[in-house]
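J.: Sending over a structure as structure tokens; questions will come in a sec.
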Amino acid sequence: MIALIQRVCHAQVEADGGTVGAIGAGLLVLLGIERGDTEAAAARLADKVLHYRVFADDKGKMNLNVCQSGGSLLVVSQFTLAADTDKGLRPNFSAAAPPDAAQDLYRYFCTYAARHITVATGRFGAHMQVSLQNDGPVTFLLRA
């Protein structure tokens with residue numbers, strides 16, 4: 001399981017002509033789910049995202065996590081993160097989890113994180129437009 005996290009001033013996701021999820025300050029989480037991922041992996045990655053210290057403390061050091069900063073999460077499913085790009089010029093998606101399993105784990109990740117913080121979401125499987133104002137920019141790739 002892969003999470004590309006971006007510290008944002010604000011972010012939103014649109015699908016089918018309307019906004020389906022939006023946050024102010026916090027983290028945009030692009031979530032890639034791979035074959036063999038489990039609920040335990042989703043919980044570990046959610047904990048890592050929630051506790052990863054990427055927000056500045058009063059001394060300007062990255063010492064606070066998203067919960068301590070008062071931020072929110074916007075979680076968007078992105079199967080392309082599971083792509084194998086090692087060969088050729090076309091990505092191979094064989095490592096991505098099948099849609100039904102991926103949707104279940106996406107929901108689990110979001111529900112788990114929502115126990116600790118406000119979580120907005122995209123629409124699983126939809127063609128979405130994601131808008132954000134990256135703060136920093138600060139972007140990290142995390143794996144479970």
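Rule-based calculations on the coordinates, nothing more; no lab input. Bear in mind that the values here come from a model prediction, so they are computed numbers and not experimental data. Cβ: placed from backbone, ideal geometry, glycine included. Neighbour counts: every protein chain shown.
J.: Indicate the gyration tensor shape class of region 32-116 (rounded, prolate or oblate), computed on the Cα atoms with a ≥ b ≥ c the square roots of the eigenvalues: a/c under 1.5 is rounded; otherwise a/b larger than b/c is prolate and the rest oblate. All intermediate terms of the calculation are to be shown ahead of the outcome.
T.: Numbers: a/c = 3.10, a/b = 1.67, b/c = 1.86.
It comes out oblate by the Cα gyration axes.
J.: Let me ask something else. With springs connecting C-alpha atoms under 10 Å apart, model the chain as a Gaussian network and identify which of ALA102, ALA56, ALA42 has the largest mean-square fluctuation.
T.: ALA56
J.: Tell me, CYS9, CYS110, CYS67 in order of fewest to most beta-carbon neighbours within 10 Å?
T.: Arranged by neighbour count, lowest to highest, CYS9, CYS110, CYS67 become CYS9, CYS67, CYS110.
J.: For the chain, what is the calculated [θ] at 222 nm in deg cm²/dmol (nearest 500), taking -39500 (n - 2.57) for each run of four or more DSSP H residues and dividing by its residue count? Show your work: numbers first, answer last.
T.: Working: 3 runs with 33 residues, N = 144.
Theoretical 222 nm ellipticity from helices: -7000 deg cm²/dmol.
J.: Longest segment of the chain with no trypsin sites (Lys or Arg not before Pro) in a DSSP loop having at most 11 other Cβ atoms within 10 Å?
T.: On the way: sites that count: LYS59, LYS61, LYS87, ARG115.
Answer - 1-58.
J.: May I pose another question? Counting DSSP beta bridges in the chain, what percent are antiparallel, to the nearest 5? Spell out each step's value before the answer.
T.: Details: 28 of 37 bridges.
Of those bridges, close to 75 percent are antiparallel.
J.: Give the value in nm², to one decimal: projected area of the alpha carbon convex hull of the chain, averaged over all directions. Spell out each step's value before the answer.
T.: Working: hull surface 35.2 nm².
If I average the Cα hull's projected area over directions, I get 8.8 nm².
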